[in-house]
Amino acid sequence: MEDRTVFRSMGVLQERLDPLIHARVRLGIVSALAAGETLSFRDLKVLLSTSDGNLSRHAQKLEKAGYIECIKSFQGRMPLTEYRLTPKGGVALRSYVEQMEHMLQVARSATHSRGGHRHETSPQPIESDY
Amino acid sequence: MLIEHGPVPRRTQSPQNQASEHLRFIRDVMERSASFTAVPGWGMVVVGLTALSAAWIASIQDSPDASLMVWFIEASIAVMIAVLTLYWKARKSGVSLTSGPGRKYILTLAPSLVAGLLFTVALWQAGNTELLATLWLLLYGAGTITGGASSVRVIPALGVCFMMMGIVSLFVAPVWMNVLLALSFGGLHIGFGLYIARKYGG
């Protein structure tokens with residue numbers, strides 16, 4: 001497979017990527033909630049090393065899209081904001097991971113068809129059972 | 001650069017490396033997130049219940065050696081319960097116990113437990129068992145604080161409580177040690193375990 005063909009295939013695959021998840025903080029939020037069930041705003045902020053405003057903005061976008069659920073309560077007198085991944089968000093993340101794995105396969109097959117001269121570092125298979 | 005607006009900064013040029021970096025990012029966040037919840041709440045509750053039973057059985061023993069044996073058996077059972085429930089929780093979260101969070105928690109807690117075991121044997125051989133409860137409480141507290149450093153704040157808080165109980169035990173008569181151990185290894189584990197199970201899913 002020629003480089004141009006590979007890049008064209010990659011371009012098509014990239015267009016299919018979910019723009020809501022394809023951003024560092026939003027992908028981080030969804031990934032964290034996929035493993036952590038329920039996380040507070042503060043836990044997410046520490047985990048993703050981001051600011052209050054940035055996290056709030058991205059979380060709102062995900063919430064609006066129905067990918068995450070926001071639970072507001074009180075811990076003593078302090079307000080507590082927690083997030084949980086919705087089934088729709090779980091499906092979106094799985095789909096995103098599958099698309100990334102597909103892109104890897106396309107790139108690998110292109111490398112092999114060139115005789116395997118270019119050795120790329122292969123990732124370990126990611127567990128998709130969220 | 002094909003994935004130029006993605007979550008991973010522009011470090012590598014090939015699409016294959018870009019996709020790999022994205023997948024690594026997801027896995028890394030998931031592992032770190034799971035570390036927030038790797039400690040099994042229900043496991044702690046069960047450990048707390050066995051500790052309460054052990055405290056009662058130890059308190060009706062005739063000799064300190066027999067009481068010590070009860071606590072030694074309890075510690076073995078507690079470790080088994082902890083490892084099993086850690087494994088189940090890690091599996092439920094979709095991560096391996098031997099990968100990031102589980103490994104980190106075990107490796108940071110284990111040195112304190114090993115030190116506690118060695119000191120217990122040494123003090124028992126020297127015939128000085130009065131300070132054992134203090135030693136256990138302080139070492140377990142220290143291990144929990146370091147083991148929970150990357151976890152939810154409630155875990156280091158549990159460690160602090162154990163250390164405080166350890167300090168209290170310095171001023172309590174040896175006859176009350178089983179009560180103190182019941183309150184800490186039993187009561188604290190049950191209380192904190194229920195909180196973790198309710199708040200962090202199991």
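The values are calculated or read from the model by the stated rules, or taken from the named source; none is laboratory data. If you're wondering where the values come from, they're calculated on a predicted model, not measured in any experiment. Every residue, glycine among them, receives a Cβ derived from its backbone with ideal geometry; neighbour counts consider all protein chains shown. With ligands, DNA and RNA removed, areas are computed over all heavy atoms of the protein, side chains included. Shrake-Rupley method; radii C 1.70, N 1.55, O 1.52, S 1.80 Å.
Structure notes:
- A residue that is without any contact (Cβ under 8 Å) to a residue 24 or more places away in the chain and closer than 23 Å to A:K45 by Cβ can be found somewhere in the range B:160-183.
- Any hit, the range A:82-95, residues being out of contact with any Phe, Trp or Tyr (no Cβ under 8 Å at 6 or more places or on another chain), modelled with pLDDT of 90 or more, open to solvent by 70 Å² or more (accessible area, probe 1.4 Å) and assigned to a helix (DSSP H, G or I): yes
- Hey, A:T5 more than 9 Å from chain B (Cβ to nearest Cβ) and either modelled with pLDDT under 85 or over 16 Å from A:M100 (Cα atoms) (or both) or not: yes
- Of all residues in the range A:39-57 being within 14 Å of chain B (Cβ to nearest Cβ) and open to solvent by 20 Å² or more (accessible area, probe 1.4 Å), the one that is nearest to the chain's Cα centre (by Cα): A:L48
- Among the candidates B:S151, B:S112, the residue that is part of a loop (DSSP other than H, G, I, E, B), open to solvent by less than 30 Å² (accessible area, probe 1.4 Å) and modelled with pLDDT under 95 is uniquely B:S151.
- Unique residue being open to solvent by less than 80 Å² (accessible area, probe 1.4 Å), touching a Leu at 6+ places or on another chain (Cβ under 8 Å), under 29 Å from A:A32 (Cβ atoms) and modelled with pLDDT of 85 or more when the list is B:T120, B:T146, B:T85: B:T146
- Single residue of A:A110, A:A34 found to be assigned to a helix (DSSP H, G or I), touching a residue at least 24 places away in the same chain (Cβ under 8 Å) and within 20 Å of B:S33 (Cα to Cα): A:A34
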